[in-house]
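First comes the structure, then the notes that go with it.
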Amino acid sequence: MRDVLIVGGGVSGLAAGIFTARAGLDTLVVDGGESILARNASLENYPGFPDGIDARLYLRMAREQAKSAGCKFELGHVTSAEPIDDTDLEAGFRVDTEGGEPLEARRLIAASWSDSEWLTPLDVGREQRGSKYMVRVDDGGRTAVDGVYAAGRIAGEPHQTIVAAGHGAKVGLAAIHDSDAAFYHDWVAPEGYFTGRDREVPPGCEEIDDEERLERDERARETMREWLAGPFDDEPTMHPSVETE
Ligand SMILES: Cc1cc2nc3c(=O)[nH]c(=O)nc-3n(C[C@H](O)[C@H](O)[C@H](O)COP(=O)(O)OP(=O)(O)OC[C@H]3O[C@@H](n4cnc5c(N)ncnc54)[C@H](O)[C@@H]3O)c2cc1C
């Protein structure tokens, strides 16, 4: 039984997983396809990339970050989810994937734009908007069913990458708060920031000294140099209804 199962390894699912895994929750991300962002030709409105970034490269880097944070990944198209025990949602949820073994988790995060069909047996509260279905959520991404959350576009958020990422992070934080993980903030602070005021380092936070800070900075720059050494080869995915040769 995992702590958190995230359906959808696109923008919001990866952001949610980075937070839940870093908070020590055993997190599995199941993805059955490709983020809609793979169709983008140049991602130019995501803060931190002054001249933009290749969207497929961004997705690969976000996935690597989620892996380093401790997320496990599984390929699979999720077809349905149901409570393990109808009378006790604390017992968690069972998720079926096409042709795979059922997966179990205490909490579910639906980050599966544009498919919410698999949530139908759970009756989380879906509403049709145009040709798509969105999932109704509260401020933390909680649905009508305790332990089930929705993140990103599927939760009705604006169709933008930074919003999907931010919402995924927020939903991840809600799942952490609803669990029994000790958590204050996910912060890395300089040595003495808390302890220099005779405070304990709060759960989820870390203090690092200068040597460690410089080591991490060196590693971070090396990683970015490697990722950005040359152009990323993958082409954008065309809309399926556009005819290509
Ligand atoms: C052509 C195009 C250009 C765009 N350009 C920009 C831009 O320039 N700037 C910008 O901010 N935004 C842009 N966007 C929007 C951006 O891509 C989305 O808003 C963002 O990707 C939404 O994130 P998400 O996590 O909600 O969904 P996604 O990133 O699409 O992730 C959903 C994931 O769920 C998986 N999934 C779905 N159903 C299942 C299932 N049943 N089982 C398992 N996995 C499943 C999918 O495979 C996918 O990986 C663009 C979109 C398009 C189509």
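The values are calculated or read from the model by the stated rules, or taken from the named source; none is laboratory data. The structure displayed is predicted, hence computed values, not measured ones. Heads up, the Cβs are rebuilt from the backbone with ideal geometry, glycines too, and the neighbour counts pull from every protein chain shown.
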Answer yes if at least one residue in region 67-79 is without any contact (Cβ under 8 Å) to a residue 24 or more places away in the chain, of a type outside the set (A, V, I, L, M) and over 22 Å from residue 174 (Cβ atoms), and no otherwise.
yes
Restricting to region 174-221, give me the number of residues that are away from the ligand (no atom under 16 Å from the Cβ), in contact with a helix residue (DSSP H, G or I) (Cβ under 9 Å, 6 or more places away or on another chain) and in contact (Cβ under 8 Å) with a residue 40 or more places away in the chain.
6
Going through 172, 141 one at a time, which residue ends up being more than 19 Å from residue 114 (Cα to Cα), surrounded by 23 or more Cβ atoms within 10 Å (Cβ to Cβ), assigned by TED's automatic domain parsing to the domain that holds residue 11 and out of contact with any Pro (no Cβ under 7 Å at 6 or more places or on another chain)?
172
Of the candidates 95, 145, the one satisfying the condition of being of a type in the set (Val, Ile, Thr) and within 18 Å of the chain's Cα centre (by Cα) is 95
Which of the residues that make up region 205-243 are among the β-branched types (Val, Ile, Thr) and outside any loop (DSSP other than H, G, I, E, B)?
208, 223
Considering residues that are modelled with pLDDT of 95 or more and within 11 Å of the ligand (Cβ to nearest atom), the number found within region 18-48 is 17
Filtering region 223-236 down to residues that are over 13 Å from residue 54 (Cβ atoms) and surrounded by 10 or more Cβ atoms within 10 Å (Cβ to Cβ) yields 223, 224
What's the number of the condition residue 59 fails, among (1) touching a helix residue (DSSP H, G or I) at 6+ places or on another chain (Cβ under 9 Å); (2) near the ligand (Cβ under 10 Å from one of its atoms); (3) farther than 19 Å from residue 18 by Cβ?
(3)
Can you confirm whether residue 114 is loosely packed, with under 14 Cβ neighbours inside 10 Å and within 16 Å of the chain's Cα centre (by Cα)?
yes
Among (1) near the ligand (Cβ under 9 Å from one of its atoms); (2) over 19 Å from residue 32 (Cα atoms); (3) assigned to a loop (DSSP other than H, G, I, E, B), residue 144 falls short only on (1)
May I ask you to say which residue of 27, 97 is buried (at least 20 other Cβ atoms within 10 Å of the Cβ), in contact (Cβ under 8 Å) with a residue 12 or more places away in the chain and within 30 Å of residue 183 (Cβ to Cβ)?
27
Out of 165, 105, report the one residue that is assigned by TED's automatic domain parsing to the domain that holds residue 21, outside any loop (DSSP other than H, G, I, E, B) and within 30 Å of residue 42 (Cβ to Cβ).
165
Might you check whether a residue that is under 17 Å from residue 13 (Cβ atoms), assigned by TED's automatic domain parsing to the domain that holds residue 10 and within 11 Å of the ligand (Cβ to nearest atom) occurs anywhere in region 63-70?
yes
Does region 148-169 hold any residues that are surrounded by fewer than 22 Cβ atoms within 10 Å (Cβ to Cβ) and away from the ligand (no atom under 11 Å from the Cβ), and which are they?
169
